[in-house]
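Quick notes on the structure that follows.
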Amino acid sequence: MRRLTFANFTLFPLAASRRLLADTLSQPLAQDLQLPPAPLNRLLRMVLQGEARWLRSGRNLPWGLSLYALAIKRPEPRGAREARS
């Protein structure tokens, strides 16, 4: 494994609070699938772009809504493919 990190760190408290509140009030989460109003959407995009810059710099995040993994397949030793045939 080359790298394992989280993303959407900044939005985690908001999303967790929203989901806990929905559970407490027995409300469906269908609204989670709708775009927020344009000004809020722009603000969220700027926040996530900042996170993306952080991640591109090689730093990780301790938790978040998404998990990113980067793995590289090791090359097979010479002759391994023929030995399996």
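The values are calculated or read from the model by the stated rules, or taken from the named source; none is laboratory data. In this text the structure is predicted, and so the values were computed from the model without any measurement. Virtual Cβ from ideal backbone geometry, glycine too; neighbours counted across all protein chains shown. These area figures cover heavy atoms from the full protein model, side chains too; ligands, DNA and RNA do not enter into them. Shrake-Rupley method; radii C 1.70, N 1.55, O 1.52, S 1.80 Å.
What FRET efficiency do you get for S57 and A22 if R0 is 41 Å and r is their Cβ-Cβ distance, rounded to the nearest 0.05?
After rounding, the FRET efficiency stands at 0.75.
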Exercise for the section: For A15 and L44, compute 0.36 nm times the residue count separating them, minus their Cα-Cα distance, and round to one decimal in nm. Expected result: 9.2 nm
Fill in the blank from the handout: With all protein chains present and a 1.4 Å probe, the order of T24, T5 from largest accessible area down is T24, T5
